[in-house]
Amino acid sequence: MLRDSLEGELVLPSDPGYDLARQLQNTEYDTAAPRGIAYCRSAEDVLACVRHARDTGSRVHVRGGGHSFNGWSTGEGLVVDLSRMNHATAEDGTVRLGAGIQSLDALDRLKPLGRQIITGTFPTVGQGGFLTGGGLGWQTRRFGVASDRLRSARVVLADGRVVRASAEEHPDLFWALRGGGGGTFGIVTELELLPVEAPRLTSFETLWAYEDAADVLSAWQAWAAAGSDDLGTSLVVLPGMFGPGGRPVVKTWGVHLGAPAALERALGELTERTGTKPMHQETGVPAAYADVMHEALCGSKTVRQCHRTGTHPEAVGHRHPYTRQAYRLTGSPVTRREAQTLLDAWDPELDAERYLLCIALGGAANRVPRTETAYVHRDAQFLMGYQIATRDQEAAARGPAELQEWADRCDAALAPLATGSYINFPSSRVGPGWEADYFGENVPRLREVKRHYDPDDFFRHAQSIRPEPRRTTETGR
Ligand SMILES: Cc1cc2nc3c(=O)[nH]c(=O)nc-3n(C[C@H](O)[C@H](O)[C@H](O)COP(=O)(O)OP(=O)(O)OC[C@H]3O[C@@H](n4cnc5c(N)ncnc54)[C@H](O)[C@@H]3O)c2cc1C
């Protein structure tokens, strides 16, 4: 019995907690029916799950924070859940994290230890999934892709070995784990990272009328690309249901690592480049890194409250409804005309919950050679994409074609600007060239690593690297 060999907990379909245990961040996957969910406590637990799955011929689905857009961390097999492997310690200039730790917990636990790490811009994303796909956020421009700071990882392999991957030990695996995508090469149980030196941060936010959206989008991109590496920033176009007076609105926000005067100057430049003033502009006071990031990710919620609803009695963090999305990486700021085309695809008149989101990249991330790690996108300046969602459960159940059609139209608008795609922000629909799109010239080496460490393709999901090239007709969904 697997249950008897686990220090952690096994939840089976007949158990009362099953419906909660099978949830991911997105409600779309609530109907997935894994044969069990193993809440592992240790690498030994993970190993027991791998052995059990091998012995019984079951699939495994590796799950950290459960944020996979396309549901790659669930399915009909055994879910190996790492969320309870969430320790955070600091020693000898590095930090060690349980691979299932979520961003907000890592920030919180490292704060009294005087350490800061790179996170994304959403609180409950798991570090294991985040780092194995690359890891992008507001610290990317100053400190690089998060996985560039990985020093070693403990990994449970398909053949039952538990290895440490680093520059010295299993260097090919170590290379692949930095951007080659989660759920592909093994199950990472612990991560050793070089922290960032960022004791203090200042947050900011600006809001702009939708009428100025094309000017704001093009000016914000030019501003961010030319700006100091101290600047971490996102832009989102929000629909009328979230805007003042029921009108769509453009928000830019983020954090700055430099002096408050430098941030004020930078925001002045943004206004100047846009040619009009924001409806609203706000800057915070410089404060401890973990506090500013917590507020940006969780608002006024406590650490406990900020977790996903259902995962803790106090947790009230929202879940995402049925969503279709199209995301790409782009290599230079958009012109005003290109911005207008992107906004036309977003369609201001449509009555639906949808976003156009951009995160500014570049800086230190782009000063690393493309083949240095599996994360190849060293020319990307922006992650850009669209999401559309429905909260109507009946509509969601029929898999509304109109949402995918909208995402397809948006993808077509993005395509001429794209330099590649980020495996952690996969589009709902991908074309046959998706491997090259995610990994560029690193595909052959990734395949070699896969052949070496997992020749039977034991760890797999719809868009994981396979040991052999896929047939061109396979789209990976
Ligand atoms: C709302 C939202 C906001 C996001 N914001 C950002 C952002 O700012 N920056 C950014 O870079 N990304 C962001 N992401 C993307 C996020 O980084 C990826 O979805 C990431 O893979 C999620 O990891 P997870 O552990 O939470 O998800 P899961 O669904 O649990 O896992 C995602 C993938 O990683 C694999 N995996 C997870 N843990 C491990 C492990 N320990 N070992 C091996 N494989 C593992 C899974 O099998 C799966 O294939 C965001 C996603 C969402 C939904």
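A compact table of results
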{"read-out": "Among (1) modelled with pLDDT under 95; (2) touching a His at 6+ places or on another chain (Cβ under 6 Å); (3) not hydroxyl-bearing (Ser, Thr, Tyr), the one test that GLU91 misses", "value": "(2)"}
{"read-out": "Enumeration of residues in the range 151-169 that are in contact with a strand residue (DSSP E or B) (Cβ under 7 Å, 6 or more places away or on another chain), of a type outside the set (D, E, K, R) and surrounded by fewer than 24 Cβ atoms within 10 Å (Cβ to Cβ)", "value": "SER152, LEU157, VAL162, VAL163, SER166"}
{"read-out": "Scan of the range 46-71 for residues that are assigned to a loop (DSSP other than H, G, I, E, B) and either without any contact (Cβ under 8 Å) to a residue 12 or more places away in the chain or among the hydroxyl-bearing types (Ser, Thr, Tyr) (or both), ordered by number", "value": "GLY57, SER58, SER68"}
{"read-out": "Some residue of the range 117-134 being buried (at least 22 other Cβ atoms within 10 Å of the Cβ), touching a Pro at 6+ places or on another chain (Cβ under 8 Å), within 24 Å of LYS301 (Cα to Cα) and not β-branched (Val, Ile, Thr)", "value": "no"}
{"read-out": "Selected residue (criterion: least open to solvent (accessible area, probe 1.4 Å)) from residues of the range 11-28 that are within 13 Å of the ligand (Cβ to nearest atom) and over 13 Å from ARG63 (Cα atoms)", "value": "ASN26"}
{"read-out": "The range 299-358, residues that are among the basic types (Lys, Arg), more than 22 Å from GLY243 (Cβ to Cβ) and open to solvent by less than 10 Å² (accessible area, probe 1.4 Å)", "value": "none"}
{"read-out": "Identity of the residue in the range 428-475, under 30 Å from TRP406 (Cα atoms) and within 13 Å of the ligand (Cβ to nearest atom), that ends up surrounded by the fewest Cβ atoms within 10 Å (Cβ to Cβ)", "value": "ALA462"}
{"read-out": "Unique match (being in contact (Cβ under 8 Å) with a residue 60 or more places away in the chain and in contact with a strand residue (DSSP E or B) (Cβ under 8 Å, 6 or more places away or on another chain)) among ARG247, ARG328", "value": "ARG328"}
{"read-out": "Count - residues of the range 363-418 that are of a type in the set (Phe, Trp, Tyr) and either open to solvent by 20 Å² or more (accessible area, probe 1.4 Å) or closer than 18 Å to PRO348 by Cβ (or both)", "value": "2"}
{"read-out": "Helices (runs of 4 or more DSSP H) wholly inside the range 95-185 that include at least 2 residues being closer than 26 Å to VAL79 by Cβ, among the small types (Gly, Ala, Ser) and near the ligand (Cβ under 9 Å from one of its atoms)", "value": "127-133"}
{"read-out": "Sole exception among (1) farther than 27 Å from ALA401 by Cα; (2) free of Cβ contacts under 8 Å to residues at least 40 places away in the same chain; (3) out of contact with any strand residue (DSSP E or B) (no Cβ under 9 Å at 6 or more places or on another chain) for ALA315, by number", "value": "(3)"}
{"read-out": "Selection status of ALA412, over 24 Å from TRP138 (Cβ atoms) and not basic (Lys, Arg)", "value": "yes"}
{"read-out": "Total residues in the range 88-99, condition open to solvent by 10 Å² or more (accessible area, probe 1.4 Å) and in contact with a helix residue (DSSP H, G or I) (Cβ under 8 Å, 6 or more places away or on another chain)", "value": "2"}
{"read-out": "Tally of residues being of a type in the set (Asp, Glu), within 16 Å of the ligand (Cβ to nearest atom) and part of a loop (DSSP other than H, G, I, E, B) across the range 72-94", "value": "1"}
{"read-out": "Qualifying residue in the range 32-45 (condition: in contact (Cβ under 8 Å) with a residue 12 or more places away in the chain, farther than 21 Å from ARG161 by Cα and of a type in the set (Phe, Trp, Tyr))", "value": "no"}
{"read-out": "Test set (1) touching an Asp or Glu at 6+ places or on another chain (Cβ under 9 Å); (2) among the acidic types (Asp, Glu); (3) open to solvent by less than 40 Å² (accessible area, probe 1.4 Å) - GLU205 fails condition number", "value": "(3)"}
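The values are calculated or read from the model by the stated rules, or taken from the named source; none is laboratory data. What you see is a predicted model; the values in this text were computed from it and never measured. Virtual Cβ from ideal backbone geometry, glycine too; neighbours counted across all protein chains shown. We work out accessible area using only protein heavy atoms, side chains counted, and drop any ligands, DNA or RNA first. Shrake-Rupley method; radii C 1.70, N 1.55, O 1.52, S 1.80 Å.
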